[in-house]
Amino acid sequence: MKIGDMTIDAIVDGECVMPTEAVYLNRGPEDWKEYEQFLAPSAPGSNLFTLGGYLVTQGDRLILVDAGVGPKATFPFVGGALRSALINRGVATTDITDVIFTHLHNDHIGWASLDGRPYFENATYHCDRRDWDHFVRPDYPMPEWEAAFTDPAVDAAYVRLAPVADRMHFFEGDDSVLPGIESWEASGHTPGTTVLKLTDHGESVALIGDLSHTEPELIADDWDFMAHEDHKEGLQAIERIRKRLYDEKLMFAAAHYPGMHFGRLTMDNGKIGYEQVPD
């Protein structure tokens, strides 16, 4: 994707396949009949979640938005490809100037550090202060679902982010993160969940992170994702950002839609829809 002089490329680190009934608290297989095109290929009744980040090239900045699940993922996550994806694009870890986290769940911070050292040696790291205060503490009460998907001794934010604590820059809610990159308040999935709007030469796109994890969650009402910290706020954030994406006619990419392609919201007879846009 290119806007103005800025380019945004998906960097795939891995994937996760889960049965649909494990993903939403209030939805079952029958609710997917209208949305079967969004289910995992070759895995009937399952969702495919791609894991990774987005590489943003902006002048002399090379920005990574989210850092995948890392090289030692816990089932059902499969990861470790981000470093190869960067090499494929001719990018060295030393080239990354900034890392922005849309939130601090383990499948977004996996390459923040490796073996106790910052993986991106020259980067400044950025996140919403509320997520830092919530997750990066030794007494963080990890919920059962999160502990089942991680090795807390290695993957907990307190461990993974300790090596980059002295280079962390904080923003909060609606804020300016970097020139041409602003954050939108989207808390609910986590206390500091963020949507990013990227603008260059009058053109804009959005990276919506974990605002929604599947397309139906964004375009339909009341799909209650199992891992929200605050379920009411999470649903309200989707309604608010969905309206903004449509009103501003923004193309956007999510953190986990299969393939991490860009898409847009459509309207047909008063019903919101989603369509992928060509790369």
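The values are calculated or read from the model by the stated rules, or taken from the named source; none is laboratory data. Just so it is clear, the model here is predicted, and its values are computed rather than measured. So basically every Cβ, Gly included, is an ideal-geometry build from the backbone, and we count neighbours across all protein chains shown.
Looking for something at pLDDT 95 or above, within 26 Å of Ala67 (Cβ to Cβ) and out of contact with any strand residue (DSSP E or B) (no Cβ under 9 Å at 6 or more places or on another chain) - is there at least one such residue anywhere in segment 175-195? Checked against the condition, which is being at pLDDT 95 or above, within 26 Å of Ala67 (Cβ to Cβ) and out of contact with any strand residue (DSSP E or B) (no Cβ under 9 Å at 6 or more places or on another chain), segment 175-195 yields at least one hit.
For segment 56-71, what are the residues that are in contact with a strand residue (DSSP E or B) (Cβ under 7 Å, 6 or more places away or on another chain) and of a type in the set (Gly, Ala, Ser)? Correct list: Ala67, Gly68.
When the strands (runs of 3 or more DSSP E) confined to segment 234-279 are screened for residues that are over 18 Å from Lys2 (Cβ atoms), those reaching at least 3 such residues are found at 263-268, 271-276. Report yes if Thr150 is β-branched (Val, Ile, Thr), out of contact with any Leu (no Cβ under 8 Å at 6 or more places or on another chain) and not in a helix (DSSP H, G or I), otherwise no. Judged against the criteria, Thr150 is a match. Among the candidates Asp279, Asp222, Asp200, the residue that is under 24 Å from Arg61 (Cα atoms) and either crowded, with 18+ Cβ neighbours inside 10 Å or touching a helix residue (DSSP H, G or I) at 6+ places or on another chain (Cβ under 7 Å) (or both) is uniquely Asp200. Considering segment 124-179, the residues that are out of contact with any Asp or Glu (no Cβ under 9 Å at 6 or more places or on another chain) and basic (Lys, Arg) include one that is nearest to Val56 (Cα to Cα), namely Arg167.
Among Gly70, Gly52, which is crowded, with 16+ Cβ neighbours inside 10 Å, small (Gly, Ala, Ser), touching a residue at least 60 places away in the same chain (Cβ under 8 Å) and closer than 19 Å to Met1 by Cβ? Give the derivation first.
On the way: Gly70 fails: closer than 19 Å to Met1 by Cβ.
None of the others qualify; the one that does is Gly52.
Can you name the residue in segment 141-190 that is surrounded by 15 or more Cβ atoms within 10 Å (Cβ to Cβ) and among the aromatic types (Phe, Trp, Tyr) and is also farthest from the chain's Cα centre (by Cα) among such residues? Per the criteria, the residue is Tyr158. Ala227 satisfies every condition listed in (1) in contact with a strand residue (DSSP E or B) (Cβ under 9 Å, 6 or more places away or on another chain); (2) touching a residue at least 60 places away in the same chain (Cβ under 8 Å) except (1).
List the strands (runs of 3 or more DSSP E) inside segment 37-145, counting only whole elements, that have at least 1 residues being at pLDDT 95 or above, touching a Pro at 6+ places or on another chain (Cβ under 9 Å) and of a type in the set (S, T, N, Q).
Numbers: elements: 46-58, 61-65, 98-100, 124-128.
Because the criterion is at least 1 residues that are at pLDDT 95 or above, touching a Pro at 6+ places or on another chain (Cβ under 9 Å) and of a type in the set (S, T, N, Q), the strands (runs of 3 or more DSSP E) in segment 37-145 that meet it are 46-58.
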